[in-house]
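Peer 1: One structure coming up, written as structure tokens, with questions to follow.
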Amino acid sequence: MDDLVKFLAARIMDDQHAYAYVAGTLGGEALLDSHLPMLDLTEQLARDYKTMDPSDSRSAGLAYALRVLAQSYAEHPAYRPEWRP
């Protein structure tokens, strides 16, 4: 699961860099309908999972949610099929 969290963190960073480039090139208005809030929420969930005690009853549900969110990057070469929910 640690690899999945690292994978998600890297993809979020990639997306944030891409959005920063678009904002710098086209202006901030270009990002009004972006999925930046979703990136922030996904990043928060990944941080929560990393700090959560494995015995916490929410751990399994959070791990499943991260697997679902990672599916949006399934075409990325570093995505692993075993991460599918």
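Peer 1: Please list, in order along the range 79-85, the HN-Hα scalar couplings obtained from phi with the Karplus expression 6.51 cos²θ - 1.76 cosθ + 1.60 (θ = phi - 60°), rounded to whole Hz, x for Gly and Pro.
Peer 2: Once rounded to whole Hz, the list reads 5, 10, x, 5, 7, 4, x.
Peer 1: What accessible area per residue comes out for the chain, rounded to a whole number of Å², with a 1.4 Å probe?
Peer 2: Accessible surface, normalised per residue, equals 67 Å².
Peer 1: The chain: percent of C-alpha pairs farther apart than 15 Å?
Peer 2: Result for the distance tail: 59 percent.
Peer 1: Let me ask another. Tally Lys/Arg at +1 and Asp/Glu at -1 over every other residue whose Cβ is under 11 Å from the Cβ of V22; what's the total?
Peer 2: Combined, the nearby Lys, Arg, Asp and Glu give -2.
Peer 1: Now for a different question. Could you give the size of the charge dipole of the chain about its Cα centre, using +1 on the Cβ of each K and R and -1 on the Cβ of each D and E, expressed in debye and rounded to the nearest 20? Could you put the intermediate results ahead of the total?
Peer 2: Values: 8 positive and 13 negative charges, 48 e Å.
Computed about the Cα centre, the dipole is about 240 debye.
The values are calculated or read from the model by the stated rules, or taken from the named source; none is laboratory data. Bear in mind the structure is a predicted one, so any value in this text is a computation, not a measurement. All Cβ positions, even for glycine, are placed from backbone atoms using ideal geometry, and neighbour counts span all protein chains on display. Heavy atoms of the whole protein, side chains included, go into the accessibility calculation; ligands, DNA and RNA do not. Shrake-Rupley method; radii C 1.70, N 1.55, O 1.52, S 1.80 Å.
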